[in-house]
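The values are calculated or read from the model by the stated rules, or taken from the named source; none is laboratory data. Computed from a prediction, not measured in an experiment: that's the story for all the values here. Here the Cβ positions follow ideal geometry from the backbone for every residue, glycine too, while neighbour counts run over all protein chains shown.
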């Protein structure tokens, strides 16, 4: 069983850079770490060491809950550690124009919302956040597929096929597979009966 993710709410930051890859999010030298807890301290470690402005928000005492990014956020390698680090740091959602496909799927598996906007809405969001200032708060609702802006306006978000259902469900991938336990067992019995030579192949 897993936690139901119905919304994301809190301080947001805008990362004005395309193609932020998973190596930037979680540098490869930390991949030897396999415990999910505590990975947030390595989030954007190289960019922090270089003093890049994109991650200046991490100097704040409270974590940003929503990241706003342009194109292709989470591209690069398939390392799930990138999402683990974001989640451990406190990020609940990433709103972008587009994502790396594997990263987006890793997000939903780990309870982080990965939502996209149209270019027009993304531009409007960035303008609204600039007006609201550094402590701007966003409220994202999964079931409604909506994003509530600091000025009171609301815009629609897009989630990948099936992601809303996964976020709103208490079932994980194993639970969903076990729903088909009877059918899987029947299939195995049928194969053993019709193709017994397969059993001898291990």
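Summary of values
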| item | result |
| --- | --- |
| Residue 136 being closer than 15 Å to residue 67 by Cα and buried (at least 17 other Cβ atoms within 10 Å of the Cβ) | yes |
| Filter result for residue 49 (out of contact with any strand residue (DSSP E or B) (no Cβ under 7 Å at 6 or more places or on another chain), assigned to a helix (DSSP H, G or I), free of Cβ contacts under 8 Å to residues at least 12 places away in the same chain and farther than 29 Å from residue 146 by Cβ) | yes |
| Residue 120 being more than 18 Å from residue 10 (Cα to Cα), modelled with pLDDT of 90 or more, in the same structural domain as residue 60 (by TED's automatic domain parsing) and assigned to a loop (DSSP other than H, G, I, E, B) | no |
| Some residue of the range 141-150 being within 30 Å of residue 27 (Cβ to Cβ), without any contact (Cβ under 8 Å) to a residue 24 or more places away in the chain and either touching a helix residue (DSSP H, G or I) at 6+ places or on another chain (Cβ under 8 Å) or not in a helix (DSSP H, G or I) (or both) | no |
